[in-house]
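Note sheet for the following structure.
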Amino acid sequence: MSKEVYYGDYLQLDKILGAQLPESDLAKVEAHDEMLFIITHQAYELWFKQILHEIDSIKAIFGKNQINDNDPDLSTVVHRMKRVIKILELAVNQISIMETMTPLDFLDFRDLLRPASGFQSYQFKFIEASLGLKLNDRHGKEYYLSHLRQNHIEAVQEIESQPSIIEAVNAWLERMPFIKDENASEINIPEYWKAYITAYDNTLVDGEKENTKRFKELLFNPEFTKDRRLSNKANRSALFIMLYRDYPLLQAPYQLLNCLLEIDEQMATWRYRHMNMVHRMIGTRVGTGGSSGKNYLKAALDKHYIFQEIAELTSFLVERRKIPVLPADLEDRLRFNR
């Protein structure tokens, strides 16, 4: 006979509700808003745990040798990415609750927190690393390493040693069989892409003429992309998906790419809101963890986009009416008529 499940026991409420231990209580000073500060950050960490749960499942799906467009895998990936986006939207909106705390309310307990800092959220670092943000691409990486415990540094490094979401997406895009262009290069551009380059070049205005050169480098020059996260082949596939997204076979792939851009946007929005909240709370003072406060957050915001290579491809789109017509056999395959 199975045991009866009780709500409080199932959710471990005694542990959760007993996990708020304000430093101001220990110091015997009045700081009413420290409880809000603790609960808000604990809620963040619970949502970060859920995001990691979703990301791990997505990585497992991408870890298969192939993702069949006719089975649930791709739809499952898109569905779980959309859930991550909703959680990130909630994380952004949760800042509004923190902003009910005034600067003086925060000063009541701020000094009691040193040298702890939200920067030490190792789960958020796990999320960034799982998506594809590498240590060498971080702003202030020396500061990053010096303020985490060694076991958390090693955990992040372990995640970085595994295929990230952006690396998995690159491999997935490279497997997509659209235009036959395996031997494509800047001196051997397939006929389809020649036609597209001509159409694209004709849309450029003064000040954009260098775009065609960059287009060719990103799509056909392996030397140019060897230090980037998306290869020439992956760039061609991603751009093709964006151009022909209205075909049934490409709707889910397009949603996947769009989800990646939305994840980047929501994380950037969270950093932006956090930066402004910090500026509002402490002005130009140093953060509790020793960072430069707003200036550090602004630099991280500018640098920590993970899927910017996908976003850059939108520079090479043309109006629908100017997109080259596909060969009949390829168009037929993209309509699920097989």
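Some values worked out for this structure:
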quantity: Protection proxy ranking, peptides 94-103, 12-21, average beta carbon neighbours within 10 Å, highest first; calculated: 94-103, 12-21
quantity: Unsatisfied cross-links (Cα-Cα over 27 Å) in the set Lys233/Lys322; Lys134/Lys322; Lys64/Lys322; Lys213/Lys303; calculated: Lys134/Lys322; Lys64/Lys322
quantity: Region 112-179, relative contact order [Cα under 8 Å, separation at least 6], %; calculated: 43
quantity: Point-to-point label distance, Lys180-Gln20, nm (Cα→Cβ direction, 7 Å offset); calculated: 6.6
quantity: Ranked by how many other beta carbons lie within 10 Å on average, peptides 143-152, 262-271 from highest; calculated: 262-271, 143-152
quantity: Highest to lowest packing among 128-138, 43-53, 233-243, scored as the average C-beta count within 10 Å; calculated: 233-243, 128-138, 43-53
quantity: Nearest 10 degrees, 0 to 90: helix 165-174 Cα axis against the chain principal axis; calculated: 10
quantity: Table column - 3J(HN,Hα) (Hz), region 325-331, Karplus curve with 6.51, -1.76, 1.60, x for Gly and Pro; calculated: 6, 7, x, 4, 5, 5, 4
quantity: About the Cα centre, charge dipole magnitude for region 1-116 (Lys/Arg +1, Asp/Glu -1 at Cβ), debye; calculated: 500
quantity: Assigned charges on the beta-carbon of Lys, Arg, Asp, Glu; the chain dipole about Cα centre (debye); calculated: 440
quantity: Karplus (6.51, -1.76, 1.60) ³J(HN,Hα), θ = phi - 60°, over region 210-217, in Hz, Gly and Pro reported as x; calculated: 6, 4, 5, 4, 5, 3, 5, 5
quantity: Point-charge dipole on Cβ atoms (K/R +1, D/E -1) for region 67-158, about Cα centre, debye to 20; calculated: 100
quantity: Förster radius 41 Å - calculated FRET efficiency between Lys213 and His32, Cβ distance, rounded to 0.05; calculated: 0.10
quantity: Positive-end residue of His147, Ser161, Leu88, charge dipole of region 84-179 with Cβ unit charges; calculated: Ser161
quantity: Structure-based [θ]222 nm, the chain - -39500 (n - 2.57) summed over DSSP H runs of at least 4, per residue, nearest 500; calculated: -18500 deg cm²/dmol
quantity: Charge-dipole axis of region 204-338 as Lys and Arg at +1 and Asp and Glu at -1 on Cβ define it, positive-most pick from Gln255, Ala299, Leu330; calculated: Ala299
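Throughout, read-outs are computed from the coordinates displayed, never taken from laboratory work. It should be emphasised that the depicted structure is a prediction, and the values quoted were computed from it without experimental measurement. Glycine gets a Cβ as well: all are built from the backbone with ideal geometry, and neighbour counts include every protein chain shown.
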